[in-house]
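Colleague: Handing you this structure, nothing more for now.
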Amino acid sequence: MTVFLSRKRKKEIIGFPYNKIRITIDQNLTYRDDNVSLFSGKDGFPLLNEDIVIMEIKAPGRKPQWLQDILDQYGLVEQKFSKYSCAYHKSQGLDYSPRPSTESVGTTYV
């Protein structure tokens, strides 16, 4: 089975002195499991509720303290989440939800 996943990605966050961190913010994710050609447009089923935004942080080793302070200030909780696994589960009519993270790389905040 092939699953097409489309995203609307927000702009990068600029202005902090640590250049080895990548932060992406996704919203309005959609998926489809038929007509999966990239030339077929971005139509599909919503992956998550429209009020949910995913922030993914990738950094070598531990996050710098200034970043952890920002996450703590806004009460963001580190969770494990796979957009592709979620799309597959939904296409099969199965439940999928974020779960507590135990990894230090590729962490998602939802």
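The values are calculated or read from the model by the stated rules, or taken from the named source; none is laboratory data. Note that the structure is a prediction, hence the values are computed from the model and not measured. All Cβ positions, even for glycine, are placed from backbone atoms using ideal geometry, and neighbour counts span all protein chains on display. In case anyone asks, the SASA skips ligands and DNA or RNA and just uses the protein heavy atoms, side chains included. Shrake-Rupley method; radii C 1.70, N 1.55, O 1.52, S 1.80 Å.
Colleague: For segment 46-70, what are the residues that are under 26 Å from Ala87 (Cβ atoms) and either basic (Lys, Arg) or in contact (Cβ under 8 Å) with a residue 12 or more places away in the chain (or both)? Step through it out loud before you land on a result.
Modeller: Narrowing segment 46-70 to residues under 26 Å from Ala87 (Cβ atoms): 46-59.
Those that are under 26 Å from Ala87 (Cβ atoms) and either basic (Lys, Arg) or in contact (Cβ under 8 Å) with a residue 12 or more places away in the chain (or both): Pro46, Leu47, Leu48, Glu50, Ile52, Val53, Ile54, Met55, Glu56, Ile57, Lys58, Ala59.
Colleague: How many of the residues in segment 17-66 are out of contact with any Ser or Thr (no Cβ under 9 Å at 6 or more places or on another chain), part of a loop (DSSP other than H, G, I, E, B) and either at pLDDT below 80 or open to solvent by less than 80 Å² (accessible area, probe 1.4 Å) (or both)?
Modeller: Final tally of qualifying residues: 12.
Colleague: Can you tell me which residue in segment 67-84 is surrounded by the fewest Cβ atoms within 10 Å (Cβ to Cβ), limited to those that are among the polar types (S, T, N, Q) and part of a helix (DSSP H, G or I)? Full working, then the answer.
Modeller: Step one: list which residues in segment 67-84 are among the polar types (S, T, N, Q), which gives 68, 73, 79, 82.
Then drop every residue that is not part of a helix (DSSP H, G or I), which leaves 68, 73.
Working: Gln68: 13, Gln73: 8.
Among residues in segment 67-84 that are among the polar types (S, T, N, Q) and part of a helix (DSSP H, G or I), the one surrounded by the fewest Cβ atoms within 10 Å (Cβ to Cβ) is Gln73.
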